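Engineer: If you scroll down you'll find the structure; I have some questions about it.
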Amino acid sequence: MNIAVAQSGGPTVAINASLAGVFKEALDSNQIDTVYGSLNGIEGIINQNLVNLNELIKTDDDLELVKLTPSTVLGSCRYKLPTYDKDALVYGKIIEYFNKYNIGAFFYIGGNDSMDTVNKLSKYTAENSINIKVIGIPKTIDNDLCLTDHTPGFGSAAKYLSTTVQEIVRDSAVYDLKSVTIVEIMGRHAGWLTASSAVLHANDETAPHLIYLPEGEFSQEKFLSDVKAQLEIHNSVIVAVSEGITLDDENYRSGKVDTFGHAYLSGIGKLLENLVTEKIGCKVRSIELNVMQRCSSHLASKTDIDESVLIGKTAVKAALSGKTGIMMTFKRISNNPYKIEIGEADTSLVANQEKTFPKEWICDNSTNITNDALDYFLPLINGEVKIKTQNGMPIHFKINK
Ligand code: F6P
């Protein structure tokens, strides 16, 4: 039989590492002939856009390059698969195309929305006795997938973020004057990534001095009073703020939403910058890390990359053993030494759900996180990978679509 693999949702540094894991395990098994890649997620199946990955990834060097290339080499989508009763045709199209290519298993690397597709498709195949296994492989920098200890891609985003905040700390401390630097961090309604900036405290940095998560208390008055208190202690105050915190007045948002109805969140940093200018009047700058935190493979976490490959490989083993309708998961065995096992969860329990940052890990009047949270984060950013460069710049694997 052959298999198909696709990538969906927002990019990460490690999503191609999972693709590499799927590919390698398929090559090593004697049950799979060809690995097909679907361009732009499930849309590549619906629009008949499969590429033969065995013809594109020819050598071990190619595979290594795929593994360390950020984003999605196959492209991505934010497509919501309609329910069967709303659009039966699309299910027919998908199965027909799978049959044409003798696809016995489909692997979907994605976040909570993508698990909705895995859930719907696997239910459809099972209910109609279609022998195509459908398996979800998690990924997201948001770390907000349920029933897994963490998600591939998160550790590298956290490593980039903490390293970058540390550099911002050095930069903002040069002048002998009071200043506030606000760093806006992605993560939607979950504060995991923003909270992870606190790993700097483990290296004796006092910054970030204030950390604001969607799960904590926040108001403009509280923010101003927190900042004023920190300015009494530090010349240069560093604030890490999640893009997803909510204000009484949400008018600064663009109002735009994606196909899943998620709002495009952006702009809280600028709003807070203006507030400091107006109400405090010291030097202030806001920095929106934006997409840089999703694809910074030059600061990839080796732990993240290795685990992402492993979870991709294990997904193939699961499909070959007859499993379907599951998302592969990480189960943490211990922090020190750091040890994980790969498990699985029913996609119906994961699809469209969000795992938020634990409230018990938030402290200091919603401006900091606890040592338990640091113990959770630190192993995930561990280790560096060696990337191939050309003219001093990283080389990326690209597919001409
Ligand atoms: O889901 C991952 C994520 O990077 C969020 O942190 C962010 O809010 C969102 O994607 C941005 O979506 P898009 O890639 O559609 O701009």
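The values are calculated or read from the model by the stated rules, or taken from the named source; none is laboratory data. Values in this document were obtained by computation on a predicted structure and should not be read as measured data. Backbone-built Cβ (ideal geometry, glycine too); neighbour counts: all protein chains shown. Ligands, DNA and RNA are stripped out before the accessible areas are found, and what is left, the full protein with its side chains, is counted by its heavy atoms. Shrake-Rupley method; radii C 1.70, N 1.55, O 1.52, S 1.80 Å.
Engineer: 7 Å from Cα along Cα→Cβ at both Asp372 and Asp204: what's the point-to-point distance in nm?
Structural biologist: Going from the Asp372 label point to the Asp204 one covers 2.9 nm.
Engineer: By how many degrees, 0 to 90 and rounded to 10, does the Cα axis of helix 268-279 deviate from the longest principal axis of the chain?
Structural biologist: Value to nearest ten degrees: 10.
Engineer: Highest first, please rank the peptides 300-311, 386-397 by the mean number of other Cβ atoms sitting within 10 Å of their residues.
Structural biologist: Those peptides, ordered most packed to least, come out 300-311, 386-397.
Engineer: Per the Kirkwood formula on distinct C-alpha pairs, the Rh of the chain is how many angstrom?
Structural biologist: 21.9 Å
Engineer: So the label point goes 7 Å from the Cα of Asp248 along Cα→C-beta, right? Which residues of segment 221-236 then have their backbone N under 11 Å from it?
Structural biologist: From segment 221-236, the list is 221-222.
Engineer: What is the helix-to-structure angle for 88-100, meaning the angle in degrees between its Cα long axis and the longest Cα principal axis of the chain, kept from 0 to 90 and rounded to the nearest 10?
Structural biologist: It works out to around 60 degrees.
Engineer: Collect residues whose amide H, placed 1.01 Å from N in the peptide plane, falls under 5 Å from the amide H of Val5; neighbours closer than 5 in sequence don't count.
Structural biologist: Tyr36, Gly37, Ser38, Phe107
Engineer: Report, to the nearest whole %, how much of the accessible area of the chain belongs to carbon and sulfur atoms, 1.4 Å probe, protein only.
Structural biologist: On the chain, the fraction of accessible area on carbon and sulfur atoms equals 47 percent.
Engineer: Here is a further query. With θ set to phi - 60°, apply the Karplus curve 6.51 cos²θ - 1.76 cosθ + 1.60 along segment 285-292 and write out the HN-Hα couplings as whole Hz, x wherever there is a Gly or Pro.
Structural biologist: 9, 10, 10, 9, 5, 6, 6, 4
Engineer: All other residues with a Cβ under 13 Å from the Cβ of Val66 taken together, and with Lys, Arg as +1 and Asp, Glu as -1, what is their net charge?
Structural biologist: Within the 13 Å Cβ shell, the charges total +1.
Engineer: Roughly what angle does helix 220-233 make with the longest principal axis of the chain, taking Cα atoms, 0 to 90 degrees, to the nearest 10?
Structural biologist: 60 degrees
Engineer: So what is the calculated 222 nm ellipticity per residue for the chain, using -39500 (n - 2.57) for each DSSP H run with n of 4 or more, over all residues, to the nearest 500 deg cm²/dmol?
Structural biologist: The helix contribution divided over the chain gives -10500 deg cm²/dmol.
Engineer: In nm, to one decimal, how far is the modelled label at Ile130 from the one at Ile233, with both set 7 Å along Cα→Cβ?
Structural biologist: 5.8 nm
Engineer: Go through 242-248, 221-227, 323-329 and give me the packing order, highest mean Cβ count within 10 Å leading.
Structural biologist: 323-329, 242-248, 221-227
Engineer: Follow-up. Defining a contact as two alpha carbons under 8 Å apart and six or more residues distant in sequence, what relative contact order in percent does the chain show?
Structural biologist: 24 percent
Engineer: Provide, for q = 0.12, 0.18, 0.20 Å⁻¹, the log10 of I(q)/I(0) from a solvent-free Debye sum over equal Cα point scatterers in segment 156-293.
Structural biologist: -0.44, -1.00, -1.24
Engineer: Taking amide hydrogens as modeled 1.01 Å from N in the peptide plane, which residues meet the under 5 Å criterion relative to Val385, leaving out close sequence neighbours?
Structural biologist: Ala300, Lys302
Engineer: Please give the FRET efficiency for Tyr338 paired with Asn365, using the beta carbon to beta carbon distance and R0 = 41 Å, rounded to the nearest 0.05.
Structural biologist: Efficiency for this residue pair is about 0.85.
Engineer: Also, quick follow-up: Using the beta-carbon distance between Val291 and Gln353 and R0 = 35 Å, what value does 1/(1 + (r/R0)^6) give for FRET efficiency, to the nearest 0.05?
Structural biologist: Efficiency for this residue pair is about 0.90.
Engineer: Could you derive backbone 3J(HN,Hα) for segment 347-354 from the dihedral phi with the Karplus parameters 6.51, -1.76 and 1.60 (θ = phi - 60°), listing whole Hz in sequence and x where the residue is Gly or Pro?
Structural biologist: 5, 5, 8, 10, 3, 6, 9, 10
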